[in-house]
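J.: The structure under discussion is supplied below as C-alpha cells; questions concerning it will follow.
No value in this document is a laboratory result; all are computed from the given coordinates. Quantities reported herein were computed from a predicted structural model and do not represent experimental measurements. Here the Cβ positions follow ideal geometry from the backbone for every residue, glycine too, while neighbour counts run over all protein chains shown.
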Amino acid sequence: MKEVSVFLRLAAFVLLAFPVLAQRPCATDALFRNKKGSEYFPGGRIFESKLKEISTQQNKAITTDNDSIYYIPVVVHVLHYGEAIGIGRNISQERIQSQIDILNQDYGKTPNSPGYNTFPAGADTRIRFCLATVDPNGNPTNGVVRVQTTQDAFDLFSQNTILKGYSNWDPEKYLNIWVCRLLGNFIGYAQYPMISPQWADSLPMVPNVEDVQPDGVVIEYRVFGNVPNGQGAPFGVYNKGRTASHEVGHYLGLLHIWGDGGSCADNKTDFCSDTPPQATYTSGCPSTVESCTPGVPALVENYMDYSNDTCMNVFTLEQKKRMRIVLRNCVRRKSVASTTQGCEISTGNPPKPPVLVKKLYLEFVSGKDYLNVKSEDIKLSEINLYNYLGRKIESIQISSNYATYPYQLNLAGLSRGTYFIKAKDTEGIYRIASFCH
Ligand SMILES: [Zn+2]
C-alpha cells in the first residue's frame with residue numbers, strides 16, 4: 001500500500017512538473033504534496049480538522065470575526081539578470097504597483113474594477129495589501145528590493161531555497177513576493193500556511209524546517225502585475241496579475257477549487273461549501289462548464305481555478321472565512337496581518353491625526369461691538385462661537401484669500417455670559433478660547 005502511495009505521488013509530481021501549456025501552471029500543490037508533514041498544511045488532516053473546529057465555533061458564535069480589515073505589508077524581491085530597471089526580469093516600479101492594485105481590487109471586490117462580481121456568494125475579503133514603507137531596520141523603503149543574480153532562471157523544486165536566499169525579509173512581518181524567471185513553464189507557487197505551535201503542541205512531529213522558511217510567494221516575472229505586452233504562450237493569457245491573486249490565496253490557506261482531483265468520482269474538496277465541486281481545473285474561459293452537481297455551473301470565475309486572467313473575479317464568502325481564520329491563527333500570518341510596517345499609510349487609510357489644540361488670541365476693541373480673532377502663526381479656515389451650554393451661535397467660513405484678517409466676530413445682540421470660540425486652522429488643527437461678555 002505504501003509503495004502504491006509513493007508511486008502515485010511520484011506520478012502526480014511528474015505530471016505537474018511538465019504541465020500541459022493550456023493549463024495555469026501553478027506549482028503550489030506539486031511542491032507540497034512531495035513534502036513530509038503535509039497534514040499540517042491546507043488539505044492535510046490535522047490542518048483541516050483544526051480549521052473546521054474554529055469555523056464551527058464561528059457558526060455557533062463562540063468565536064467571532066468582526067470583519068475588520070487586515071492589512072498585509074508586501075516586499076517584492078526582483079531577482080534580475082543584470083537588466084536595467086524596466087527591462088526584462090527587472091520589472092518597473094509601475095508594474096509592481098499595478099500588482100498591488102490588482103490584489104486590492106480582487107480581494108476587495110472593488111466596484112468598477114476587474115475584481116468586481118455579482119456572484120451571490122462573492123465576497124469582499126476585507127484583506128488589503130500595500131508595498132511596505134518601513135524596512136526591517138526601520139528605514140523608509142518603497143517595498144522593492146532589486147537583486148542581480150547569477151542565474152538565468154530557477155528550478156523551483158531544487159532551487160526554492162536558493163532563489164529565496166538572494167533576498168528575504170522577516171516573514172513574521174512581511175509577505176515576501178519573489179519575482180524571477182522560473183523554469184518548466186511554471187508561473188507561480190506559494191508557501192502554504194501551517195498550523196500554529198499551540199495546535200501542534202500535542203503532536204509527535206513538527207514539519208521540516210525547509211517547509212517553514214523562507215515563507216512567501218514566487219511569481220514568474222512575465223505574469224507579474226498588469227503586463228501590457230503579450231508574452232507568448234503560456235504566459236499571454238495570464239497578463240492581468242491574477243497569478244498573484246491565486247498564489248496569495250494559497251499563502252492564505254486556499255486550495256484549488258477542484259480540490260486537486262481528476263474527476264467527480266474522486267470526491268475531492270477545497271473545504272469551501274459555496275464553491276461547487278468540479279471534476280478538474282478549467283482552461284480558458286468557457287461559459288458552459290457544469291460542476292459535479294448536475295445543472296449547477298462550475299465557478300470558473302474563481303481565482304483558485306486555472307481559468308484565464310480575464311475570466312477571474314470571485315472569491316467566495318467561505319473562502320473569505322477560511323483566509324481570515326488563517327490570518328487569525330496561523331504562524332507568520334497572524335503576525336503579518338497585525339504588523340505596522342507602513343501599510344496603514346500606503347493603502348490610503350492614514351491613521352487619524354491626533355486632535356491638537358493650539359492657542360487662539362482674542363482682541364477686544366474699545367467702543368466696538370466685535371472682537372478680533374487672531375491666530376499668530378497660521379491662518380484660520382473656520383471660526384465657531386458657542387454659548388456656555390455648548391450651543392453653536394455663529395459660524396464663519398473664511399474664504400481662501402483671507403482678506404478679512406484679523407477675523408471680526410460680531411458681538412451685537414449677544415446676552416451677557418460666557419462664550420467659547422473654537423476655530424480650525426488651515427492645517428486642520430483646532431484652537432479654542434473663551435471670553436466673558
Ligand atoms: Zn494554485
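J.: In the range 256-318, how does Rg compare with the Kirkwood Rh, expressed as the Rg/Rh ratio over alpha carbon atoms?
T.: Dividing the radius of gyration by the Kirkwood radius yields 0.92.
J.: For a quick size check, give me the Cα extents of the range 20-346 along its three principal axes, largest first, whole Å.
T.: Per principal axis, max minus min of the Cα coordinates gives 52, 46, 39 Å.
J.: Please work out how much length the chain gains when fully extended from residue 45 to residue 139, using 0.36 nm per residue of separation minus the C-alpha to C-alpha distance, in nm with one decimal.
T.: That works out to 29.6 nm of additional length.
J.: How many Lys pairs in the range 20-346 lie less than 16 angstrom apart by Cα atoms, where the lysines are 8 or more positions apart or on different chains?
T.: 13
J.: Now for a different question. Kirkwood hydrodynamic radius (Cα pairs, Å) of the range 43-124?
T.: The Cα-based Kirkwood calculation yields 16.6 Å.
J.: Sticking with this one: Between residue 59 and residue 266, how high is the FRET efficiency from 1/(1 + (r/R0)^6) when r is the Cβ-Cβ distance and R₀ = 41 Å? Nearest 0.05. Numbers along the way, then the final one.
T.: Working: r = 27 Å, r/R0 = 0.66.
Approximately 0.90, to the nearest 0.05.
J.: So which aspartates and glutamates pass the test for residue 422, namely a Cα distance under 18 Å, with those fewer than 8 places away in the same chain ruled out?
T.: Cross-link targets: 363, 376, 377, 382, 394.
J.: Beyond 19 Å, what percent of the Cα pairs of the range 126-176 remain?
T.: 39
J.: If you don't mind, there's one more thing I want to ask. Quick one: putting +1 on the C-beta of Lys and Arg, -1 on the C-beta of Asp and Glu, what dipole do you get for the range 95-163 around its Cα centre, in Debye to the nearest 20?
T.: 220
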